[in-house]
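Novice: Have a look at this one.
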Amino acid sequence: MILNDKIALVTGASRGIGRAIALSLAKAGAFVYVNYSASADEADKTVSLIEEQGGRGQKTGFNVATPADVEGAVQTILDEKGKIDILVNNAGIARDTLLMRLKEEDLDAVFAVNLKGIFHCTRAVIKSMIKNRQGKIVNISSVVGEMGNAGQSVYSATKAGIIGFTRSVARELAPRGITANVVSPGFIITEMTEGLPDSVREAYLKDIPLGRFGGPDDIASMVLFLCSDQSSYVTGQVFRVNGGMYM
Ligand code: NAP
């Protein structure tokens, strides 16, 4: 139980990669706050799965794009538990389209959740981490933020932005005993990728040397390492979990 007595907050943990991360941190002993914005029932399911495996957790609903809601939810956690040791910024959305067709509201929505959301959550949580002179922050980027992809200019820009943000925060917070790292997933089977046409999926598969798509657990195991003391000398780094799709 390498995360015994740790309090973790995982954004976007009502399904997909975030759910797998929440389960993995809870299995390692952390009390996990399971964030969601719309899918309360799915967040309940994540909490049930945590409890079924003998772990502890609770849902917390807020929109990462709304700073006042983030601040309020973080304060509630601090009132309940007195600290937050681990923050995993996982919540993300995609509104993919060619740049020529991009609508302003989609541009704003993706930036608000994927990038500004990470600013809001990190800013709210670090007060407690700084006070305790310890903390682990893991931000979920994407292979698309590193190599680009036609039709994903906005998503890609936000995911690249996460890398710059993390490196700056890692430098800012290192003297306070806090680490900040990025996990950059490749093609992972979740609701986000399920809707893609077979032709697109087959094209991706050809570019993956390990010859398979990833699963949420592939990402969760890297996140667990970065949230544990086994990674205490690691900060400001980008960890690619992509089957070799981008090296
Ligand atoms: P997903 O299945 O679509 O799940 C997204 C999660 O984010 C849901 O729990 C959703 O909860 C939450 N969320 C969305 N907007 C939110 C908001 N405004 N505030 C709080 N929570 C919000 O996505 P996924 O595939 O698991 O992806 C998780 C992360 O990995 C994302 O950042 C994504 O960009 C990244 N990623 C995924 C892949 C992939 O191949 N799947 C590859 C690279 C990177 P609600 O339904 O409650 O809103």
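The values are calculated or read from the model by the stated rules, or taken from the named source; none is laboratory data. Please read all numbers here as calculations on a predicted model, not as lab measurements. Every residue, glycine among them, receives a Cβ derived from its backbone with ideal geometry; neighbour counts consider all protein chains shown. Areas reflect the complete protein model, heavy atoms only, side chains present, ligands, DNA and RNA absent. Shrake-Rupley method; radii C 1.70, N 1.55, O 1.52, S 1.80 Å.
Novice: Using a 1.4 Å probe and counting only protein heavy atoms, arrange GLU42, GLU51, GLU172 so the residue with the most accessible area comes first.
Specialist: Details: GLU42 70, GLU51 105, GLU172 130 Å².
Heavy-atom accessible area, descending, gives GLU172, GLU51, GLU42.
Novice: Counting Lys and Arg as +1 and Asp and Glu as -1, each charge on the Cβ, what is the dipole of the chain about the Cα centre in debye, to the nearest 20? Walk me through the intermediate numbers first.
Specialist: On the way: 26 positive and 26 negative charges, 167 e Å.
That gives the chain a dipole magnitude of about 800 debye.
Novice: Then there's this: Between 0 and 90 degrees, rounded to the nearest ten: what's the tilt of helix 40-52 against the longest Cα principal axis of the chain?
Specialist: Long axis of 40-52 versus the principal axis of the chain: about 60 degrees.
Novice: Let me ask you something else. Could you work out [θ]222 nm for the chain from helices alone, using -39500 (n - 2.57) per DSSP H run of at least four and dividing by all its residues? Round to the nearest 500 deg cm²/dmol.
Specialist: Details: 10 runs with 114 residues, N = 247.
That calculation yields -14000 deg cm²/dmol at 222 nm.
Novice: Given axes a ≥ b ≥ c from the Cα gyration tensor, I'd like to know whether the range 104-224 is rounded (a/c under 1.5), prolate (a/b larger than b/c) or oblate. Before the final figure, lay out the partial values.
Specialist: Numbers: a/c = 2.56, a/b = 1.68, b/c = 1.52.
Taking the square roots of the gyration eigenvalues as a ≥ b ≥ c, the range 104-224 is prolate.
Novice: Post the alpha-carbon centroid distance, the range 170-247 to the range 95-125, in whole angstrom.
Specialist: For the range 170-247 versus the range 95-125, the Cα centre distance is 20 Å.
Novice: In terms of modelled amide H atoms, which long-range or inter-chain residues lie less than 5 Å from the amide H of ILE93?
Specialist: ASN114
Novice: While we're here: Placing unit charges on C-beta atoms (Lys and Arg positive, Asp and Glu negative, everything else neutral), compute the dipole magnitude of the range 147-247 about its Cα centre in debye, rounded to 20. Write out the running numbers ahead of the final one.
Specialist: Details: 8 positive and 9 negative charges, 84 e Å.
Roughly 400 debye, rounded to the nearest 20.
Novice: Accessible area per residue for the range 1-145 in Å², computed with a 1.4 Å probe and the full protein assembly in place, what is it?
Specialist: Details: 6370 Å² over 145 residues.
Roughly 44 Å² per residue, with all protein chains present.
Novice: Further question: Looking at the chain only, what percent of DSSP beta bridges run antiparallel? Nearest 5 please. Provide the component values of the computation, followed by the final result.
Specialist: On the way: 0 of 28 bridges.
So the antiparallel bridges amount to about 0 percent of the total.
Novice: Name the residues whose placed amide hydrogens come within less than 5 Å of the amide hydrogen of ALA180, ignoring near sequence neighbours (fewer than 5 apart) on the same chain.
Specialist: Sorted by chain and number, the residues that satisfy this are ILE137, GLY236.
Novice: Using alpha carbons only, how many degrees (0 to 90, rounded to 10) separate the axis of helix 117-132 from the longest principal axis of the chain?
Specialist: The angle comes out near 30 degrees.
Novice: Hey, another quick one. Would you kindly state how much longer the chain becomes between GLU191 and MET247 on full extension, computed as 0.36 nm times their sequence separation minus their alpha carbon distance, in nm to one decimal? Provide the component values of the computation, followed by the final result.
Specialist: On the way: separation 56, 0.36 × 56 = 20.16 nm, distance 2.54 nm.
Roughly 17.6 nm would be gained on extension.
Novice: Once both axes come from the Cα atoms, what is the angle between helix 216-227 and the longest principal axis of the chain, in degrees from 0 to 90, rounded to 10?
Specialist: That works out to roughly 40 degrees.
Novice: Using +1 at the C-beta of Lys and Arg and -1 at the C-beta of Asp and Glu, which of GLY135, GLY92, VAL182 has the Cα lying farthest in the positive direction of the dipole of the chain?
Specialist: Positive-end residue among those listed: GLY135.
Novice: Ignoring any ligand, DNA or RNA, what whole percent of the accessible area of the chain comes from carbon and sulfur when the probe is 1.4 angstrom?
Specialist: Details: 5950 of 11640 Å².
Taking all protein chains in place, the chain shows 51 percent carbon and sulfur surface.
Novice: Report, in debye and to the nearest 20, how large the dipole of the range 28-149 comes out about its Cα centre when Lys and Arg carry +1 and Asp and Glu carry -1 on their Cβ.
Specialist: Values: 14 positive and 16 negative charges, 117 e Å.
The dipole magnitude comes to about 560 debye.
Novice: Return the FRET efficiency for the residue pair ASN149, GLU105: r is the Cβ-Cβ distance, R0 is 22 Å, and the value is rounded to the nearest 0.05. Write down the numbers at each step before the final one.
Specialist: Details: r = 21 Å, r/R0 = 0.96.
Given R0 = 22 Å and the Cβ-Cβ separation, E is 0.55.
Novice: Still on this model: Quick one: Karplus J couplings for the range 4-18, per residue in order, coefficients 6.51, -1.76, 1.60, θ = phi - 60°, nearest Hz, x for Gly and Pro?
Specialist: 3, 6, 8, 10, 10, 10, 10, 7, x, 9, 7, 6, x, 5, x
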